[in-house]
1. Can you tell me which residue among A:R38, A:R67, A:R28, A:R15 is surrounded by fewer than 23 Cβ atoms within 10 Å (Cβ to Cβ), without any contact (Cβ under 8 Å) to a residue 24 or more places away in the chain and of a type outside the set (S, T, Y)?
2. Considering only residues of segment A:257-313 that are acidic (D, E) and assigned to a helix (DSSP H, G or I), which is farthest from the other protein chains (Cβ to nearest Cβ)?
3. Take the residues in segment B:168-212 that are polar (S, T, N, Q) and not in a helix (DSSP H, G or I); name whichever of them is nearest to the other protein chains (Cβ to nearest Cβ).
4. For segment A:20-61, give me the residue count where each residue is more than 24 Å from A:D7 (Cα to Cα) and in a helix (DSSP H, G or I).
5. Looking at A:A187, A:A204, A:A153, A:A199, which one is surrounded by fewer than 23 Cβ atoms within 10 Å (Cβ to Cβ) and aliphatic (A, V, I, L, M)?
6. Which of the residues that make up segment B:95-121 are farther than 18 Å from B:E160 by Cβ, over 26 Å from the mean Cα position of the chain (by Cα) and not in a loop (DSSP other than H, G, I, E, B)?
7. Please find, among A:P336, A:P332, the residue that is surrounded by fewer than 24 Cβ atoms within 10 Å (Cβ to Cβ), in contact with a helix residue (DSSP H, G or I) (Cβ under 8 Å, 6 or more places away or on another chain) and more than 18 Å from B:L171 (Cα to Cα).
8. Among the residues of segment B:264-288, which ones are out of contact with any strand residue (DSSP E or B) (no Cβ under 9 Å at 6 or more places or on another chain) and buried (at least 24 other Cβ atoms within 10 Å of the Cβ)?
2 protein chains.
Amino acid sequence: MSDATPDYRFLRALRRQSVDRTPIWIMRQAGRYLPEYRATRERAGSFLALAQTPELACEVTLQPLARFALDAAILFSDILTIPDAMGLGLHFVDGEGPKLHRPLRSAADIARLGAPDPETDLRYVMDAVRLIRRELGARAPLIGFSGSPWTLACYMIEGEGSSSFTRAKALALDDPRTMHRLLDTLAQAVAAYLTAQAAAGAQALMVFDTWGGLLAPDAFGEFSREPMAAVVACLKAHPVTRDVPLILFSKGANGHLESLADTGCDALGVDWTIGIGQARARVGARVALHGNLDPATLATAPETIRAQARKIIEDFGAHPGHVFNLGHGITPDIDPAHVAVLVDAVHEFSVKKAGSRE
Amino acid sequence: MSDATPDYRFLRALRRQSVDRTPIWIMRQAGRYLPEYRATRERAGSFLALAQTPELACEVTLQPLARFALDAAILFSDILTIPDAMGLGLHFVDGEGPKLHRPLRSAADIARLGAPDPETDLRYVMDAVRLIRRELGARAPLIGFSGSPWTLACYMIEGEGSSSFTRAKALALDDPRTMHRLLDTLAQAVAAYLTAQAAAGAQALMVFDTWGGLLAPDAFGEFSREPMAAVVACLKAHPVTRDVPLILFSKGANGHLESLADTGCDALGVDWTIGIGQARARVGARVALHGNLDPATLATAPETIRAQARKIIEDFGAHPGHVFNLGHGITPDIDPAHVAVLVDAVHEFSVKKAGSRE
């Protein structure tokens, strides 16, 4: 695959190589702020039908690239595909987010779980990856993704979203052995799932640790970082994924950037509550950084968006290894014209720095 | 008032003086996890009637002190009393939290606002403080509180709670002059409100900056910290509040502990996503620290609660200046018996350290 891959600035930046301008993509770029997404979603009948039909998933994946000069596409899928493939019964209740019919309620429930086989149990995802790659051509590289073991465990134990994930935390503290059993199974499942996505054509991989930041520091190390490090080790030991850039994004976990960089991943996602220059100073040249505009900035005036984008580019400085993004997903209330302003501003302000790169 | 105040360990700890054991109280200790609270709330007819009737507010304030060996009481009130007194129309919609009938929609709306007079416009709060002090006697000191200017501004602009407060952030970035006008008015209002609470009998004061942690670093400094620093300066310049210990709590803002300590407050609240020993190492002896058990820990087994409490006490170390608390409010699902386990554990494990204090 790598022989056929053009020299995309997105992949170069993740490898901390020099680029002509800072690449940008936007978390949740295929989403509800786009009228064409809402139309396809309507046609699909449900979010799950949209995510599980490769042709429709491909269609919405490509929509933002038709509008904006984005430097990467990301597979359109749900974060809970693995728990669903494990038999927990993913479904959506209007206005309430994802739910699982059969959350884990005992150590026996956990002992029964096995890692799904991606090509059989998650075939619709692999078919979507293959189709998107074919349709994308050389337009942009494709990012595959998974939830982190801890984040998947949170949903699997709680059965739905939560602001505190008290059940999951209580299991981790009261019965760490059982929690580790679950996290070990999930680390295997996540590694196999990402490897299969890379084999199907994904050119970069990302792990979303949405709920790691809810943990106290010791618990973060033990239940969020350690299983992610196991995923990284698997991917970096496998011929299919060894050279595929891997991004870890633990939202709200800026206190742990150093230990996350030490996992051996290629890049770290950074949310907007830390200056990206300060984050860079802490991790040095070990990893690329991915971020970190406050998503709310897209609700401001075009000149404000431009000024804030410029500030982040200047704050990162003249190092290689920056992928511009928001610090969290774009929200449905955003005017798509503002996204165009941001994408163009990032390319415009960063081209001036290109000559001075290390 | 200070002549009549006994030498409470809670107030001593906030002043970084030696104590016989670590004091503890629990954010939202008068709350829905207590059946007697739910009974009084039922009798009141609504949350607002409960908060606005001094006899009922006093009753629920005292309930947790009748059950547990807590070292402080906190005024039972709502965080949005000031916007309500400014005419924005506070009300509650079942299951949706607080809302304002007339959110701020223009610079003209903001220019019209004036700081309320606490003794006339917020008389029910001052009457509650006086009544609670009388009923408390020497049992424990009473904490008065307010929302921070930024947190109040978020609600006043958005009109309700939000996970992103995009409108408030967009106003701050697009029109900082108008936002500062609002924050200046709110800083005056908060200082006057806290001063009146102290005059009515509150023996410590706390500012809850619930939404400061949602801001990018520069914006945090300008829109959250700076107005809080103005409140601190007012309180430390006023004879009524000069010697009343003042706690600032910016949730999710552990990146800013140093600059918050530099405001001149007496103590900082710390959430559970940083080790309290690390927080202490960063702020040194400048301020006391208040925290920081993960609230989810109260859902674990008694021996786990005890072990986690001990870990925090040992992590803080043998310095003066620790008030034990959760890193956020207690949730309604907690068994009150677990609160007793925590309170007793904190007293038990900290008494051994008392001899070694600085």
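The values are calculated or read from the model by the stated rules, or taken from the named source; none is laboratory data. Because the structure is predicted, anything quoted here is derived from the model rather than measured. Every residue, glycine among them, receives a Cβ derived from its backbone with ideal geometry; neighbour counts consider all protein chains shown.
1. From the options A:R38, A:R67, A:R28, A:R15, the qualifying one is A:R38.
2. A:E258
3. B:T210
4. 22
5. Within the list A:A187, A:A204, A:A153, A:A199, the selection yields A:A199.
6. Scanning segment B:95-121 gives B:A107, B:A108, B:A111.
7. Working: A:P332 fails: in contact with a helix residue (DSSP H, G or I) (Cβ under 8 Å, 6 or more places away or on another chain).
Unique residue meeting the criteria: A:P336.
8. B:T273
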